[in-house]
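Peer 1: Take a look at this one; I'll ask things after.
The values are calculated or read from the model by the stated rules, or taken from the named source; none is laboratory data. These numbers were taken from a predicted model, which means no experiment stands behind them. Here the Cβ positions follow ideal geometry from the backbone for every residue, glycine too, while neighbour counts run over all protein chains shown.
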Amino acid sequence: MSKKDAKNSFKDMTAQELGAKGRDLRHEMFNLRLQQASAQLEKPARIRDLRKDIARIETQLSALRTKATNAAAAKTTAAKPVAAKKTATKTAKAS
């Protein structure tokens with residue numbers, strides 16, 4: 001899978017799918033670090049690719065959370081009536 005395909009595939013996933021994929025990638029990262037520590041790692045560039053994929057997933061999750069928060073805020077704001085401002089001035093209060 002190319003980098004462009006990876007970016008596009010993450011955008012199509014739901015939050016649950018992204019969470020599961022992130023968990024899988026972190027587990028793979030852990031295994032690669034163990035191999036690196038024991039000098040058995042064959043593709044060191046894979047660690048960098050995994051790190052970037054995890055960052056892409058976290059970015060997409062953050063965007064989904066922000067989108068959900070904004071939608072919820074807009075929904076509650078639209079439901080509340082706007083109160084009229086009081087226009088009393090200081091001079092009117094003093095009289």
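Peer 1: Given (1) surrounded by fewer than 10 Cβ atoms within 10 Å (Cβ to Cβ); (2) at pLDDT below 75, where does A39 come up short, assuming only one miss?
Peer 2: If we test A39 against (1) surrounded by fewer than 10 Cβ atoms within 10 Å (Cβ to Cβ); (2) at pLDDT below 75, just (2) comes out false.
Peer 1: Determine whether A39 is farther than 22 Å from D5 by Cβ and not acidic (D, E).
Peer 2: yes
Peer 1: On to the next question. Would you confirm whether any residue within segment 58-68 is of a type in the set (D, E, K, R), in a helix (DSSP H, G or I) and farther than 20 Å from S9 by Cα? Reasoning before the result, please.
Peer 2: Here is the first cut: in segment 58-68, the residues of a type in the set (D, E, K, R) are 58, 65, 67.
Pick out the ones that are also in a helix (DSSP H, G or I) and you get 58, 65, 67.
With farther than 20 Å from S9 by Cα added as a condition, the list becomes none.
No, there is no match, as no residue in segment 58-68 is of a type in the set (D, E, K, R), in a helix (DSSP H, G or I) and farther than 20 Å from S9 by Cα.
Peer 1: Select, from R26, R33, R48, R56, the only residue that is at pLDDT 95 or above and surrounded by fewer than 11 Cβ atoms within 10 Å (Cβ to Cβ). Quick ask: steps written out before the conclusion?
Peer 2: Working: R26 fails: surrounded by fewer than 11 Cβ atoms within 10 Å (Cβ to Cβ); R33 fails: surrounded by fewer than 11 Cβ atoms within 10 Å (Cβ to Cβ); R56 fails: surrounded by fewer than 11 Cβ atoms within 10 Å (Cβ to Cβ).
So the residue among R26, R33, R48, R56 that is at pLDDT 95 or above and surrounded by fewer than 11 Cβ atoms within 10 Å (Cβ to Cβ) is R48.
Peer 1: In segment 59-68, which residue that is among the hydroxyl-bearing types (S, T, Y) and exposed (fewer than 11 other Cβ atoms within 10 Å of the Cβ) is nearest to A20 (Cα to Cα)?
Peer 2: S62
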